[in-house]
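Colleague: Pasting in a structure now, in structure tokens, and then I'll have a few things to ask.
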Amino acid sequence: MKLDKKRRRERKTNYNKRLKLLKRGYKRLIIRKSNKYIILQIIKSENAKDKILCSVNSKELLKLGWPEDKKGSLKSLIAAYLSGYLLGKRAKDMDEKIILDIGLIPSTKGSRVYAAIKGASEAGINIDYNEKIMPDEERLKAGKIDEETFNKIKETIK
């Protein structure tokens, strides 16, 4: 008999998938999308309690040089990539393998989720992924901000 859990009824949590992820014992890279931002967290689960080790919100890109007039695009593909890159630089001391937890977000080739993974991986996070599902370089360059601003923000993160 399944437990009648509120998060299951609201279709916010898939408990079978979550249990499989927790049994592996790895740290998890959690990616969530809100209406305005992309949130990335590295979480370690201990005794069924999640502990956030590192967290990044795409809103932080405004402090790093993201154009103020483009702040409505902080959940774009480029913002996801740069947020992942920022998370990777903040979590550079984590050498362990990290697994992906996208929750109930549909897995779509070239999506913002995979742009964030690409950014985190290029910054040094050890995460397995298939190169075929990553967004193309030209899609990352042809976004809401120009290439010069993109490179400037990426240099600021280092």
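The values are calculated or read from the model by the stated rules, or taken from the named source; none is laboratory data. Quick caveat: nothing in here was measured; it's all calculated off a predicted structure. All Cβ positions, glycine included, derive from the backbone under ideal geometry; neighbour counts span all protein chains shown.
Colleague: Look through the range 101-133, keep the residues that are over 13 Å from the mean Cα position of the chain (by Cα) and of a type in the set (A, V, I, L, M), and return whichever of them is nearest to Arg7 (Cα to Cα).
Modeller: If we take residues in the range 101-133 being over 13 Å from the mean Cα position of the chain (by Cα) and of a type in the set (A, V, I, L, M), then Leu104 is nearest to Arg7 (Cα to Cα).
Colleague: Please give the number of the condition Asn35 fails out of (1) surrounded by fewer than 15 Cβ atoms within 10 Å (Cβ to Cβ); (2) in a strand (DSSP E or B).
Modeller: All conditions are met except number (2).
Colleague: Kindly establish whether Arg11 is modelled with pLDDT under 80 and not in a helix (DSSP H, G or I).
Modeller: For Arg11, the condition - modelled with pLDDT under 80 and not in a helix (DSSP H, G or I) - is met.
Colleague: While we're here: Of (1) part of a loop (DSSP other than H, G, I, E, B); (2) more than 29 Å from Ile153 (Cα to Cα); (3) of a type outside the set (Val, Ile, Thr), Lys17 satisfies all except one. Which?
Modeller: (1)
Colleague: When you scan the range 115-123, do you find a residue that is among the hydrophobic types (A, V, I, L, M, F, W, C), surrounded by 14 or more Cβ atoms within 10 Å (Cβ to Cβ) and over 30 Å from Tyr15 (Cα atoms), even just one?
Modeller: Looking through the range 115-123, at least one residue is among the hydrophobic types (A, V, I, L, M, F, W, C), surrounded by 14 or more Cβ atoms within 10 Å (Cβ to Cβ) and over 30 Å from Tyr15 (Cα atoms).
Colleague: Checking the structure you have, find out if any residue of the range 73-80 is among the hydroxyl-bearing types (Ser, Thr, Tyr), in contact (Cβ under 8 Å) with a residue 12 or more places away in the chain and not in a helix (DSSP H, G or I).
Modeller: yes
Colleague: Can you tell me which residue among Ser58, Ser111 is crowded, with 18+ Cβ neighbours inside 10 Å, of a type in the set (Ser, Thr, Tyr) and modelled with pLDDT under 90?
Modeller: Of the residues listed, the single one that is crowded, with 18+ Cβ neighbours inside 10 Å, of a type in the set (Ser, Thr, Tyr) and modelled with pLDDT under 90 is Ser111.
Colleague: Within the range 94-148, count every residue that is touching a Gly at 6+ places or on another chain (Cβ under 8 Å) and either in a loop (DSSP other than H, G, I, E, B) or under 19 Å from Leu22 (Cα atoms) (or both).
Modeller: 6
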